[in-house]
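Take a look at the structure set out below.
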Amino acid sequence: MTPRPGFVLEVDRSTPPILFWHGERFVLERLPEGSRVIYAPEPLSALDDPSAAIRHALRNPLGDRAPLPALLRPGMRLTICFDDVSLPLPPMQAPDVRQLVIEEVLDMAASAGVDDVVLIAALALHRRMTEAELRHALGDRIYEAFAPHGLLTQHDAEDPDNLVHLGTTDKGEDVEINKRAATSDLLVYVNINLVAMDGGHKSVATGLASYQSLRHHHNPRTMVHSRSFMDAPSSELHTSNWRMGRLIADSGVKIFQIETTLNTDTFPSQFGFLQRREWEWSLRDRATYMATAAALDRTPPRVARQVFHSIRAPHALVSVQAGEVEAVHAVTTANVWRQQGVEVRGQTDILTMGLPYISPYNVNSIMNPILVACLGLGYFFNLYRGMPLVREGGVVILHHPTPWEFHPGHHPSYIDFFEDVLSDTTDPVEIAKTYEESYATDPWYVHLYRTGHAYHGVHPFYMWYWCAHALDHLGRVIVVGGDPAAVRRMGFSPATSLDDALEMASDVVGRSPSLTHIHTPPLLLADVR
Amino acid sequence: MPIRAALAGKRFFVTGATGFLGTALVERILRTVPDAQVVVLVRPGRRASAAERASREILRNDCFDRLRGELADRFEAEITNRLTAVSGDVSRDGLGLDDEGRSLLASCDVVVHCAATVSFDAPLDQAVEINLLGPARVAQALAAARDDVARADVRRAEGVHMIAVSTAYVAGTHQGEAKEELLSESRFSLEVDWTAEVEAARRRRQDLEAESRRPAVLGTFAKGAREELGAAGDHLLAARAERLRDEWIKDRLVEAGTARAQSLGWPDAYPFTKALGERALIETASVPLTIVRPSIIESSLAEPVPGWIRGFRMAEPIIISFARGLLREFPGVPEGVVDVIPVDMVVAAILAVAAGPVPDEPSVYHVASGVANPLRYGRLVELIQDWFGRHPLYDDRGQPISLPDWSFPGRGRVQRQLQRATRAMDAAERLLTLLPVRGRQASLSASLEERNTLAKRALGYVELYGAYTETEARYRVDRLLGLWSTLEDADKDDFCFDPRVIDWDHYVHGIHLPSIVSHARVRTSPARSAVETRPARARRAILAPERHLAAFDLEHTLIASNVVDSYAWLASRHLPASKRPKLVAELMAQGPSLLALDRRDRGDFLRSFYRRYEGAPVAQLETDAWELFFGQLLPRSFPAGLARVRAHRRLGHRTLLITGALDFVIAPLRPLFDDIVCARMAQADGRFTGRLDELPPIGEARAQLLSDYAGAHGLSLAESVAYADSASDLAMLEAVGFPVAVNPESRLAAIARRRGWHVEHWEKAAGGAARLLPVGPLDVRQHATAPLREPV
């Protein structure tokens, strides 16, 4: 059956309640008549033989690149970099697409007699992956072949001995990236393009960069001018990365970019109801929804979190393209749009969204309040092309429990950021000016980032900058069901129910506002005209 | 002759000048008597000389604010000129005076002896030395000094006059009228051989000293110290046990004093020893003598300012306890007279006596209000209730405290009530110290302890002062009023001591209560004060740039974990799932005995526990320790604590971690601190021997270590901060100027509360510490071998 395209529903009297994510739970909310609900296109069909498709892509590169086998020769230095644990979401069922791609690359390298091969997880300032996570992404065979010999490494943005400064762009941006990657004869980058923001020059220029380099585009000014960062041509974030990427190419770093897109088959069949439109729920969907909701109500949040984080998505590969970065990424972006794009007419006064238990930065971890803000106001708010879904001065209503909880091992600087910085100010510009440097250079955070599994000290700042465009644009942010203290700390308003939230929103947008709901999963991209 | 003129240019010798009456007297002389000189006898302190004490304890009192204001720039010069402090002690024969002191004493015209131990619960021997023998010693020293000087032919005052301050209560509290006459002339007074009483008191002290050293008794002190401090270390326990011994002796001497006094008809040791003191004085004195007997001295009526008071005396704590709702009832007879006299009236009376003729025979004046202008107990209670009804105190939450109705019960009933309450609280407190609580719960038990202390104090008041609200004796003031009638009008204005002028309603409402409420540290408004809270102030002091060193304990101070957890984690790290339950069961079975050993002696515990690492491969454990840190320790850390360490470092303070944990376990923490002192295990052939290289840095060793460390780096411990969670770290906390109790267990919580130490409540990050049992994750591959011995 051909997957149906995206759809905008207008709520009328016959519309059933709409499903909202609420952290580790779901709720059904009845939306006011006349509200719009945006549904993503249905998952595209998977490629029949992913490995064959990958081989085909490697042998038939796009843009100004020779086929991969032709680039491989004995005695060369080959470095394969890959996206880290933040992609895809949730982690996909084995085999992971990175494993499939890298196995093909390694086969070709072996046939060509290449024996100096190093694998690098392109972490940027994310936490290092655990052994289990690396094994999951690469498969046991690759892990066992490389890790024990020290040939499977993770990018260390704080290791001065393994960074190289390639130059400064015409806008004065330092380009400093991983030395092994930059000094290899060939850098193969293996990407998973889950959302339109990923991939392209951002893979290397961000994924393998140092703080010195990242700070030029990871800052409030850039983020306010990225409208949205899901739409590369209108994104200052991408413009900067593209400048850096071109400088990297010009300085002689030879990159063979492999980009993949997945379909939006996000949850296993027992959560099938999540992906279906409510009025099309079968008896079985209704039954599993009620059983799941009832079970979750009786489950302690900690246990529910463990259950959810053990979910592996049945994501399937729908496209793979390889070759020169920009040529590849153009095709990739089109493929992402093919899966996620929905045309939406006009803006709304109120935008509602249910936020799930997971964001790119809390895989196998805790979704702390800063990540809640980042997922809602950073990611979901920016899922647009053209103009924001919500009008300037409008209201965003998030649905999430927002507990005042942090993972001390993964997010140590978040704890202090929430305690000391947000209690002082929530203005991204002020925060960047007053606090960023001391967090970015705090030796303890650097130590935890380099030796443990902690996000870099500056990472919570980036999460807050991700919200900068939304904070700049919106009149008010309301969090339904959120921990009031945590919500207020971020400068948002807590509401106990959606009705209360709508009542509070009326102070900003009047008595008869328009309302639009982003229905996730699956992920979607709104083309707002 | 007017008082000023009569006293002008005279030289006064005053004992007890650092006390309530003495301070007021010295101030009054210096302020009102032209050119008068004052010599004060002051006992040198442990660190301060007599002159320093005089300057700190007399001149800096707010009593002198008025004079300081009047003299302005001339104050220092004037005081230096007119006030001399000599070093001495009324409890020593000859007052412990040196030659210079003796000649100064001989040169004085008026000697006023105010020194006394006024507390009603002084140990008997101390009361005897000061109250009983003190006056006679002053008289004898005065006579001897004058004889010496007479031979040497230097300045000697003509006609010296000694005024001894006693108390109206020497006449006892029983029914009847007490006249202003020597005790020997009184019908009610018993003939008591004071020399025998002195002997008996001194012997009692010796007997108790001997008794307290009996092994069985010494054992109870050691036990008491251990109960209070836990495993704080031998030295601190010994010091505490010795203090308990001192207190034990003191308590028994207090009991002995009260018992002996009551057997002779006085309510307690104070009037008893003062009465015998008068007898001793009369029998041995060879100088002209006047005895002034005030009743209960309270805040001033007018001089130097209305309401001036020094120290908390008899009625004040009772009144404040009542206003705070701690004292529900106080015994007393509503018709009974509370004989109160403002301090400035007593001072004026003394000066009037001094200005008068030198008496040929010893004479007596009462300075009391009970006969001329009685304040009834019932009226006083009404006034107090009425005032606090309109000006209530507030509790911690800002609610006004409502006052109990006073039903004037008998003393026995109140005592029984209070005893029952304190017994119940004692039991609850003992139970709480036994529970392994820490942090806020422990603070709760500390606050229970505080309430208990307050209740015990209330009981003490009832036992001590009950007699004074039931007093039926009336102290006549005929001679005092006679003296009053001879005063010129100007003197009557300036040196008022006529008790009839006191308007009690005004005195209680307008002067006394406002004064004591402002002196007591109580909340008088519901609003949280705008000024910085105490914890905020303490935190600012701790994080002041001028601090030198911040020393941290690890377990439960920065991380909610201990050596057993770490061991269990490491031991289970490479253990297959099938063998884990056994390890856990084994450790849990040993739990109680491990805990008991830890409580008894932490050093022994660590040494014996660390044996378990015998034979473990060093390299493997060093690798696993990093995983232990990130998987187990960091999630159980207190983020605020880790932030505090870094805050100290940013301020340029040196930071030091002192822990009994093993070096390889805490290796991941190294970058957090400038230095780390920890336990180290010996190695042989790449394996641990299970034996420590040296004694682990625990207990009292930490104090020594801190002081060595500070010495080596040129830091001052007085300017340093220490953070710890348990009474076993007491030595370390005591060693520094800024001790901080972090999530204290109940013993340390109690100590911190008593000593006013800053307390921090640091919590684990919500979301951390997912694992219930401290066991390592299962190996992804199952063929690794366990580095530590498997459970047997």
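Which of the following residues is surrounded by 21 or more Cβ atoms within 10 Å (Cβ to Cβ), assigned to a helix (DSSP H, G or I) and aliphatic (A, V, I, L, M): A:Met230, A:Met223? Reasoning before the result, please.
Details: A:Met230 fails: assigned to a helix (DSSP H, G or I).
The conditions single out A:Met223.
Test B:Phe75 against the criterion of being in contact (Cβ under 8 Å) with a residue 12 or more places away in the chain and surrounded by 15 or more Cβ atoms within 10 Å (Cβ to Cβ), and give yes or no. No: the conditions fail for B:Phe75.
Please count how many residues of segment A:118-140 are surrounded by fewer than 20 Cβ atoms within 10 Å (Cβ to Cβ) and in contact (Cβ under 8 Å) with a residue 12 or more places away in the chain. Even if it seems obvious, please write down each step before you answer.
Of segment A:118-140, the ones surrounded by fewer than 20 Cβ atoms within 10 Å (Cβ to Cβ) are A:118, A:130-133, A:139-140.
If we keep only those that are in contact (Cβ under 8 Å) with a residue 12 or more places away in the chain too, we end up with A:118, A:130-131, A:133, A:139.
Selection size over segment A:118-140: 5.
The set of residues in segment A:131-142 being within 18 Å of A:His155 (Cβ to Cβ) and more than 9 Å from chain B (Cβ to nearest Cβ) consists of A:Glu133, A:Leu134, A:Ala137, A:Leu138, A:Ile142.
In the list A:Pro74, A:Pro95, A:Pro69, which residue meets the criterion of being in the same structural domain as A:Asn178 (by TED's automatic domain parsing) and closer than 19 Å to A:Ala322 by Cα? Walk me through how you get there before you give the answer.
Working: A:Pro74 fails: closer than 19 Å to A:Ala322 by Cα; A:Pro95 fails: closer than 19 Å to A:Ala322 by Cα.
After ruling out the rest, the residue left standing is A:Pro69.
Among the residues of segment B:338-356, the one identified as over 18 Å from B:Phe12 (Cα atoms) and acidic (Asp, Glu) is B:Asp339. Would you check if B:Gly45 is surrounded by fewer than 20 Cβ atoms within 10 Å (Cβ to Cβ) and either touching a strand residue (DSSP E or B) at 6+ places or on another chain (Cβ under 9 Å) or assigned by TED's automatic domain parsing to the domain that holds B:Val90 (or both)? Yes. I want to confirm something. Restricting to segment A:413-454 and keeping residues that are aliphatic (A, V, I, L, M) and farther than 20 Å from B:Arg670 by Cβ, which single residue is nearest to the other protein chains (Cβ to nearest Cβ)? The extreme case among them is A:Ile415.
Selection over segment B:247-270 of residues that are part of a helix (DSSP H, G or I) and either crowded, with 24+ Cβ neighbours inside 10 Å or outside the structural domain of B:Val358 (by TED's automatic domain parsing) (or both) gives a count of 3.
State yes or no: is B:Arg156 at pLDDT 75 or above and either in contact with a Lys or Arg (Cβ under 9 Å, 6 or more places away or on another chain) or assigned to a helix (DSSP H, G or I) (or both)?
Details: at pLDDT 75 or above: no; either in contact with a Lys or Arg (Cβ under 9 Å, 6 or more places away or on another chain) or assigned to a helix (DSSP H, G or I) (or both): yes.
It is false that B:Arg156 is at pLDDT 75 or above and either in contact with a Lys or Arg (Cβ under 9 Å, 6 or more places away or on another chain) or assigned to a helix (DSSP H, G or I) (or both).
Can you tell me which of (1) farther than 22 Å from A:Pro360 by Cβ; (2) within 14 Å of chain B (Cβ to nearest Cβ); (3) without any contact (Cβ under 8 Å) to a residue 60 or more places away in the chain is the one A:Gly457 doesn't meet? Evaluating A:Gly457 over (1) farther than 22 Å from A:Pro360 by Cβ; (2) within 14 Å of chain B (Cβ to nearest Cβ); (3) without any contact (Cβ under 8 Å) to a residue 60 or more places away in the chain leaves (1) as the failure. Pairing residues of segment A:101-113 that are assigned to a helix (DSSP H, G or I) with residues that are of a type in the set (Ser, Thr, Tyr) and buried (at least 23 other Cβ atoms within 10 Å of the Cβ), at Cβ distances under 9 Å and at least 6 apart in sequence or on separate chains, gives A:Val101/A:Thr260.
On the basis of being within 23 Å of B:Ser728 (Cβ to Cβ), at pLDDT below 90 and surrounded by fewer than 18 Cβ atoms within 10 Å (Cβ to Cβ), does B:Ala596 make the cut?
On the way: within 23 Å of B:Ser728 (Cβ to Cβ): yes; at pLDDT below 90: yes; surrounded by fewer than 18 Cβ atoms within 10 Å (Cβ to Cβ): yes.
Answer is yes for this residue.
Here B:Ala682 qualifies as of a type in the set (A, V, I, L, M), out of contact with any Pro (no Cβ under 8 Å at 6 or more places or on another chain) and surrounded by fewer than 18 Cβ atoms within 10 Å (Cβ to Cβ). Look at segment A:342-358 and say how many of its residues are surrounded by 24 or more Cβ atoms within 10 Å (Cβ to Cβ) and outside any strand (DSSP E or B). So the answer is 1.
Tell me the helices (runs of 4 or more DSSP H) entirely within segment B:598-699 that contain at least 3 residues that are within 14 Å of chain A (Cβ to nearest Cβ) and not hydrophobic (A, V, I, L, M, F, W, C). Talk me through it step by step, then tell me what you get.
Working: elements: B:602-610, B:618-628, B:639-650.
Where helices (runs of 4 or more DSSP H) fall fully within segment B:598-699 and carry at least 3 residues being within 14 Å of chain A (Cβ to nearest Cβ) and not hydrophobic (A, V, I, L, M, F, W, C), they are B:618-628, B:639-650.
Considering B:Asp386, B:Asp395, B:Asp360, B:Asp344, the condition of being in contact with a helix residue (DSSP H, G or I) (Cβ under 7 Å, 6 or more places away or on another chain) and of a type in the set (D, E, K, R) is satisfied by B:Asp344 alone. The single residue among B:Leu634, B:Leu558, B:Leu570, B:Leu606 that is buried (at least 17 other Cβ atoms within 10 Å of the Cβ), of a type outside the set (Asp, Glu) and either at positive phi or in contact with a Phe, Trp or Tyr (Cβ under 7 Å, 6 or more places away or on another chain) (or both) turns out to be B:Leu558.
Scanning segment B:762-772 for residues that are crowded, with 21+ Cβ neighbours inside 10 Å, within 14 Å of chain A (Cβ to nearest Cβ), at pLDDT 85 or above and within 30 Å of A:Pro301 (Cα to Cα) turns up at least one hit. Could you run through segment A:1-25 and say how many residues are touching a Leu at 6+ places or on another chain (Cβ under 9 Å), of a type outside the set (Asp, Glu) and either under 18 Å from A:Leu524 (Cβ atoms) or buried (at least 20 other Cβ atoms within 10 Å of the Cβ) (or both)? Within segment A:1-25, residues that are touching a Leu at 6+ places or on another chain (Cβ under 9 Å), of a type outside the set (Asp, Glu) and either under 18 Å from A:Leu524 (Cβ atoms) or buried (at least 20 other Cβ atoms within 10 Å of the Cβ) (or both) number 10.
In segment B:561-573, the residues that are in contact (Cβ under 8 Å) with a residue 40 or more places away in the chain reach residues that are of a type in the set (Asp, Glu) with C-beta atoms within less than 6 angstrom, at least six apart or across chains, in these pairs: B:Leu570/B:Asp624; B:Arg573/B:Asp624. Given (1) closer than 18 Å to B:Gly19 by Cβ; (2) at pLDDT 85 or above; (3) touching a Phe, Trp or Tyr at 6+ places or on another chain (Cβ under 6 Å), identify the lone condition not met by B:Arg68. B:Arg68 satisfies every listed condition except (1). Filtering segment A:378-412 to residues that are more than 14 Å from chain B (Cβ to nearest Cβ), within 19 Å of A:Ser497 (Cα to Cα) and outside any strand (DSSP E or B) leaves only A:His400.
For residues that are part of a strand (DSSP E or B), in contact with a Ser or Thr (Cβ under 8 Å, 6 or more places away or on another chain) and of a type in the set (A, V, I, L, M), tally how many sit in segment A:233-270. Steps first, answer last, please.
Of the residues in segment A:233-270, the ones part of a strand (DSSP E or B) are A:235, A:255-262.
Imposing the further condition that a residue be in contact with a Ser or Thr (Cβ under 8 Å, 6 or more places away or on another chain) reduces the set to A:235, A:257, A:259-261.
With the extra rule that they be of a type in the set (A, V, I, L, M), the set shrinks to none.
Number of matching residues: 0.
The values are calculated or read from the model by the stated rules, or taken from the named source; none is laboratory data. Everything numeric here is computed off the predicted structure, so don't read it as measured data. Note that each Cβ is placed from the backbone with ideal geometry, even for glycine, and that neighbours are counted across all protein chains shown.
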